[in-house]
1. Of everything in the stretch 77-118, what is without any contact (Cβ under 8 Å) to a residue 60 or more places away in the chain and under 27 Å from Ile173 (Cβ atoms)? Give them in sequence order.
2. For the condition closer than 30 Å to Pro287 by Cβ, touching a residue at least 60 places away in the same chain (Cβ under 8 Å) and surrounded by fewer than 19 Cβ atoms within 10 Å (Cβ to Cβ), what is the one hit in Pro186, Pro175?
3. Answer yes if at least one residue in the stretch 128-142 is at pLDDT 75 or above and basic (Lys, Arg), and no otherwise.
4. State which residue is surrounded by the fewest Cβ atoms within 10 Å (Cβ to Cβ) when the search covers only the stretch 272-327 and only residues that are basic (Lys, Arg) and more than 30 Å from Ser86 (Cβ to Cβ).
5. State yes or no: is Leu166 in a helix (DSSP H, G or I), at pLDDT below 80 and of a type outside the set (D, E, K, R)?
6. From the residues in the stretch 218-259 that are outside any helix (DSSP H, G or I) and polar (S, T, N, Q), which one is surrounded by the most Cβ atoms within 10 Å (Cβ to Cβ)?
7. With the requirement that a residue be under 30 Å from Thr122 (Cα atoms) and among the β-branched types (Val, Ile, Thr), what does the stretch 147-188 give you?
8. So which residues in the stretch 35-76 are within 30 Å of Ala160 (Cα to Cα), touching a residue at least 12 places away in the same chain (Cβ under 8 Å) and loosely packed, with under 15 Cβ neighbours inside 10 Å?
Amino acid sequence: MTSLVRAEWLRLRKRTSLLVIVLAVPLLGAFFFLAGFASISEQPPFDPAATRARLIAEGYGQGLPPDQAEQLIQDSVNAERSQWESDEARFDLQRQRFAFPQGIVTTLASSAMLSFALILLTATTLGDEFGWGTIRTSLLASSRRRSFLAVRLGALALAAAGILILLVVLGAILPLLLGAVGARLPATTAVDGGALGVAVIGQLVASLAIIAFAALVTVLLRSGSLTLVAMLVYVAIEAAILTLLIRFEPFQDKANLAWLLDALPVRGISTLTNTTLRAASGLASFPGETVDRSLEPAIVPIVALIAWTALFAAVAFRRFQRMDIVE
């Protein structure tokens with residue numbers, strides 16, 4: 001096994017494209033983090049005197065008795081102050097997502113990019129072996145097919161773990177960089193460490209499920225490019241299944257069988273990510289919203305994803321063990 005690991009390292013380290021894919025996720029995560037913060041509006045402090053003068057210049061109160069005109073102007077000033085305070089609270093809530101330690105949760109929300117990168121990595125590392133005809137050479141050097149595939153999938157799992165670690169590190173560093181350049185970051189809600197740990201573990205489990213499924217499709221089709229197409233087809237099929245099932249009352253929200261929908265891979269990954277990150281951050285989507293930090297909705301998805309990972313991997317290993325390789 002040690003020789004296989006060493007050979008895998010020699011094979012993969014020379015492929016610059018793989019390193020580019022691995023580094024692209026944290027780099028894109030950093031870009032979207034900074035772009036997201038830059039997109040938050042910055043409004044000037046509210047000035048009652050300037051607002052009053054503007055309203056008078058616009059003709060507020062003209063033709064009314066002085067007392068009624070004054071009351072109208074004052075009511076308008078108060079209304080604009082209330083709107084300013086509401087907007088400022090909304091902008092402040094948006095900025096909190098980019099302050100430490102909430103920045104870690106924000107960067108971890110890049111799961112869509114991570115999923116695509118893992119599909120691309122799996123399809124490339126396995127599919128290219130068939131496309132280039134190097135799979136036969138590799139297996140001639142070591143006839144232990146299960147060990148060969150296990151080492152390859154292990155390398156992909158390590159890549160997924162490495163990307164997650166980089167995202168966490170970026171989420172901790174980027175708020176400090178924003179503060180260093182003078183960005184105004186408000187005090188924010190404390191992150192729930194336990195929920196954050198579950199979020200990281202959940203994303204790792206989801207990553208393993210994606211790798212296992214992509215590997216299964218690749219060894220079935222013997223093509224990396226077809227793997228990408230097959231993944232899109234599966235997403236469309238699952239969406240159609242969900243659309244059909246939710247028409248039936250037992251599968252509708254909070255019904256007896258609604259939890260079964262979260263056992264489907266794509267729906268499960270979405271539920272797991274949203275539930276754990278929301279529980280970890282504790283931040284509302286808008287001022288005044290009550291945030292449910294319960295992790296209970298994440299139980300079904302994480303158990304189902306573990307089962308799906310085991311099933312996909314088992315079928316992939318069986319297929320790889322029994323397939324004819326003549327390339």
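1. The first filter runs over the stretch 77-118 and keeps only residues without any contact (Cβ under 8 Å) to a residue 60 or more places away in the chain, leaving 77-85, 87-88, 91, 94, 112, 116.
Hits for the stretch 77-118 are Phe91, Gln94, Ala112, Phe116.
2. Only one candidate qualifies: Pro186.
3. Start the filter on the stretch 128-142 by keeping residues that are at pLDDT 75 or above, which leaves none.
Scanning the stretch 128-142 turns up no residue that is at pLDDT 75 or above and basic (Lys, Arg).
4. Filtering the stretch 272-327 for residues that are basic (Lys, Arg) and more than 30 Å from Ser86 (Cβ to Cβ), the one surrounded by the fewest Cβ atoms within 10 Å (Cβ to Cβ) comes out as Arg322.
5. Working: in a helix (DSSP H, G or I): yes; at pLDDT below 80: no; of a type outside the set (D, E, K, R): yes.
For Leu166, the condition - in a helix (DSSP H, G or I), at pLDDT below 80 and of a type outside the set (D, E, K, R) - is not met.
6. This residue is Ser223.
7. Answer for the stretch 147-188, where residues must be under 30 Å from Thr122 (Cα atoms) and among the β-branched types (Val, Ile, Thr): Val151, Ile163, Ile165, Val168, Val169, Ile173.
8. If the condition is that a residue be within 30 Å of Ala160 (Cα to Cα), touching a residue at least 12 places away in the same chain (Cβ under 8 Å) and loosely packed, with under 15 Cβ neighbours inside 10 Å, then Gly36 is the only one that fits.
The values are calculated or read from the model by the stated rules, or taken from the named source; none is laboratory data. Everything numeric here is computed off the predicted structure, so don't read it as measured data. Here Cβ is always computed from backbone atoms with ideal geometry, including for glycine, and neighbour counts include all displayed protein chains.
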